[in-house]
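Report on the following structure.
The values are calculated or read from the model by the stated rules, or taken from the named source; none is laboratory data. This is a predicted model, so every value here is computed, not measured. Ideal geometry is used to build each Cβ from the backbone, glycine not excepted, and the neighbour counts take in all protein chains shown.
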Amino acid sequence: MAGHEILLETGTNEVELIEFYLDEAAEHGVDRHYFGANVAKVLEVIEAPVGMEVEPSASHPSFLGTIALRDLILPVVDLAVWLRAKRQPSDHELIVVTEFNNAVTGFLVSGVTQIHRLGWKDIEPPGRAISTLDESCITGTVRMGERFTLILDLELALAELGGVEGGGEVPHLETADATGAMIFAPKEEKYRVIVADDSRSVRALLRHRLEEAGFEVETFMDGAAAWDCLKGLKARAVDRGESVDTYLDAVVSDVEMPRMDGYTLTRRIKEDSVLSVLPVVLFSSIISKGLEHKGWAVKADDQVTKPGFDKLPERVLTLLRKRDGIVEKEA
């Protein structure tokens, strides 16, 4: 898979998923569970060395140590252990080598099926029983023929393993997603921003960082929910003969989300004659020099890679100060 190119047009709300599986030991034999991840995060798939085991001194029970991969020292995570499952060992297990959050990491799996091209609208948010868990590791589900495939929150895995800058304990600041009611009141002195991200832990952390910087924040679990709110905001502004930035200052969006991705959300905002005045900042683990052109193609105002939690508020503030004609003093 090395060198695999994402050939999808930007803003079409499509994605390519690599599907893999874990075989779990069960009383009646073996249960096979199917999972997926965005191909944009995957460098290649390699065969796992025989006999990899967790060392007693490992910093996390799922950490299997490192292996040499050409010029890299590759850390390897036992995905089954991270998911609290009992993997059934077998011959020819595989390692899915990923690159996101400025880190290259290998995830040990039982096997890989194929790459699927589908629309984000086909990926549904996880059911209530999953999404309300404090540390949900599933961001979406998609039907693949006769089975369901679960989309994994690999960013959460790295955060638990200490691989995300600004990570660590995430404050649990939200009990439900926003309805948009607060946004429809005229803003006072604080800048107001909406955040769309399918990871509950990331939404909470972004809310915390932005509120520390003085923003008022509302969060949404995917681009479709954020778009519904923006349409309501637009209707209110048009009805009252006001500019939409009377109610909202900016939008921060993840790229990978069920139902509607961040590229499509950005494109819709920027193609709308009323909403296009709102700055949009894309904040994603897959933003890199090789993929930045996708965000610029849909006219995003800025792009920040997901480890940069601490950088995001200042990047949003810079855009808003420029809009308001505030000249920043040189240090």
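Among the residues of the range 284-304, is any among the hydrophobic types (A, V, I, L, M, F, W, C), without any contact (Cβ under 8 Å) to a residue 40 or more places away in the chain, touching a Leu at 6+ places or on another chain (Cβ under 8 Å) and assigned to a loop (DSSP other than H, G, I, E, B)?
Yes, some residue in the range 284-304 is among the hydrophobic types (A, V, I, L, M, F, W, C), without any contact (Cβ under 8 Å) to a residue 40 or more places away in the chain, touching a Leu at 6+ places or on another chain (Cβ under 8 Å) and assigned to a loop (DSSP other than H, G, I, E, B).
How many of the residues making up the range 270-307 are of a type in the set (Gly, Ala, Ser) and crowded, with 17+ Cβ neighbours inside 10 Å?
Result for the range 270-307: 4.
Please indicate, with yes or no, whether at least one residue in the range 243-256 is touching a residue at least 12 places away in the same chain (Cβ under 8 Å), in a helix (DSSP H, G or I) and not hydroxyl-bearing (Ser, Thr, Tyr).
There is at least one residue in the range 243-256 that is touching a residue at least 12 places away in the same chain (Cβ under 8 Å), in a helix (DSSP H, G or I) and not hydroxyl-bearing (Ser, Thr, Tyr).
Could you please find all residues in the range 201-228 being farther than 22 Å from Trp120 by Cβ and assigned to a strand (DSSP E or B)?
Glu216, Val217
Consider Tyr21 against the criteria (1) touching a Gly at 6+ places or on another chain (Cβ under 7 Å); (2) within 30 Å of Val298 (Cβ to Cβ): it satisfies all of them except one. Which criterion is unmet?
Failing condition for Tyr21: (2).
Just name the residue that is nearest to Gly140 (Cα to Cα) out of those in the range 12-46 that are assigned to a strand (DSSP E or B) and free of Cβ contacts under 8 Å to residues at least 40 places away in the same chain.
Among those residues, the one meeting the criterion is Asp31.
Just wondering, is there one or more residues in the range 19-26 that are of a type in the set (A, V, I, L, M, F, W, C), modelled with pLDDT of 90 or more and assigned by TED's automatic domain parsing to the domain that holds Thr98?
yes
Hey, among Pro49, Pro89, Pro61, which residue is touching a helix residue (DSSP H, G or I) at 6+ places or on another chain (Cβ under 9 Å) and either not in a strand (DSSP E or B) or not assigned by TED's automatic domain parsing to the domain that holds Gly262 (or both)?
Pro61
Can you name the residue in the range 77-101 that is polar (S, T, N, Q) and more than 10 Å from Leu158 (Cβ to Cβ) and, of all such residues, is nearest to the chain's Cα centre (by Cα)?
Top of the filtered list is Gln88.
Name the single residue, out of those in the range 51-85 being hydroxyl-bearing (Ser, Thr, Tyr) and over 18 Å from Glu24 (Cα atoms), that is surrounded by the most Cβ atoms within 10 Å (Cβ to Cβ).
Across the range 51-85, the extreme among qualifying residues is Thr66.
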